[in-house]
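First the structure, in the form of structure tokens, and then the observations on it.
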Amino acid sequence: MSSIREKVLEDLIDFELWRTYTIMDGKKVYTYEMEFPEYKEKLESEGSTWIVLKYDCMREYYQRNKERLDKEVSEILKKEAECLEK
């Protein structure tokens, strides 16, 4: 069973990597396309190794952005704790 912190971190990484994008030349370019261009086709195929590749990319994205992501998770948890105290 994962901790609340781990779940928030996983959700944050999932959101940033798979659901955020930048507009380039009038087209949406998702974060995973910029971070892992070499895996774009495999990530979009959902074949038998897709889930393993997806989690490998998430782990690598975390390692690249560890300090910022950990700080953001701490801020999210702090804000939630403050809301619960009210």
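The values are calculated or read from the model by the stated rules, or taken from the named source; none is laboratory data. Keep in mind the model is a prediction, meaning the values are calculated, not measured. Note that each Cβ is placed from the backbone with ideal geometry, even for glycine, and that neighbours are counted across all protein chains shown. SASA here: full protein model, heavy atoms, side chains in, ligands and nucleic acids out. Shrake-Rupley method; radii C 1.70, N 1.55, O 1.52, S 1.80 Å.
Can you pull out the residues in region 27-86 that are aromatic (Phe, Trp, Tyr) and not in a helix (DSSP H, G or I)? Result: Tyr30, Phe36.
Here region 48-84 is the region considered, the condition is being among the aliphatic types (A, V, I, L, M) and in contact (Cβ under 8 Å) with a residue 40 or more places away in the chain, and the residue that is nearest to Asp14 (Cα to Cα) is Met58.
Looking only at region 1-52, which residues are open to solvent by 60 Å² or more (accessible area, probe 1.4 Å) and under 26 Å from Ala81 (Cβ atoms)? If the condition is that a residue be open to solvent by 60 Å² or more (accessible area, probe 1.4 Å) and under 26 Å from Ala81 (Cβ atoms), then Met1, Ser2, Ile4, Arg5, Glu6, Lys7, Glu10, Asp11, Phe15, Arg19 are the ones that fit.
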